[in-house]
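Values quoted throughout were computed directly from the atomic coordinates according to the rules given, and no laboratory measurement underlies them. Because the structure is a prediction, the values reported are computed rather than measured. Because the Cβ atoms are built from the backbone with ideal geometry, glycine has one as well, and the counts that use them run over all protein chains shown.
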Amino acid sequence: MRSNRLVVIGEAVKPFGIRGELKVHPFTESFEAFERSPILVLGNVPYRVRSFRKHKGAALISFEGIDTPEKARELVGRLVQTAEENLPPKDDDEYFWFELIGMKVRTVDGRDLGAVADLMRTGAHDVLQVEGDYGEVLLPMIEQVVLEVDTEKGEVLVDPLEGLIPDV
């Protein structure tokens, strides 16, 4: 069962149109989390969703009480969050980015690299940002490097390519 914690799913980027719709850049691969969320939290304020639609890779959202471009503009720059229970179901071998944050990262030869501090999306593939005794280590999330993600244990098993881990 999922907790009711808030999960970031996008960022408000600009007003859209004359009726107070807000254009949101999604941080998700699908729009299902937006579709499943009757309430979204921007900053620390919950807003009831009046309508949602997709437009050129963005989410266009209309909120109750936000009915002018000026009111929508006040929300620009805020992160858009939903309750974890609104996220789409996932397969056993799938995970959400937020679940990786804080996981311990160890290599196949037993070295502890630290913990996942952040993830980055690049054009080619996602990248794990690991902070620990080796400083910041950037690991591409490709099959050859990330061998296993165990959300139960809170561990990521990796086999870094040569040169990815600095000498200590």
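Summary of computed values
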read-out	value
Under Karplus coefficients 6.51, -1.76 and 1.60, residue-wise ³J(HN,Hα) of region 69-83 in Hz, glycine/proline x	x, 5, 5, 5, 4, 5, 8, 4, x, 7, 6, 9, 10, 9, 5
Table column - 3J(HN,Hα) (Hz), region 133-144, Karplus curve with 6.51, -1.76, 1.60, x for Gly and Pro	4, 8, x, 7, 10, 9, 10, x, 8, 10, 3, 5
Loop-resident sites, region 75-120, for GluC sites (Glu not before Pro), counting at most 13 other Cβ within 10 Å (DSSP)	94
Cα-based Lys pair tally, the chain, threshold under 27 Å, eight or more apart or on separate chains	15
Three-way shape label, the chain, alpha-carbon gyration tensor, a/c 1.5	prolate
Loop trypsin sites (Lys or Arg not before Pro), region 104-168, which have at most 13 other Cβ atoms in a 10 Å radius of their Cβ (DSSP)	153
Under 12 Å, Cβ to Cβ, from residue 120 - net charge with Lys/Arg +1 and Asp/Glu -1	-2
Gained length - residue 79 relative to residue 18, 0.36 nm times residue gap less alpha-carbon distance	19.8 nm
Loop GluC sites (Glu not before Pro), region 1-61, which have at most 12 other Cβ atoms in a 10 Å radius of their Cβ (DSSP)	29
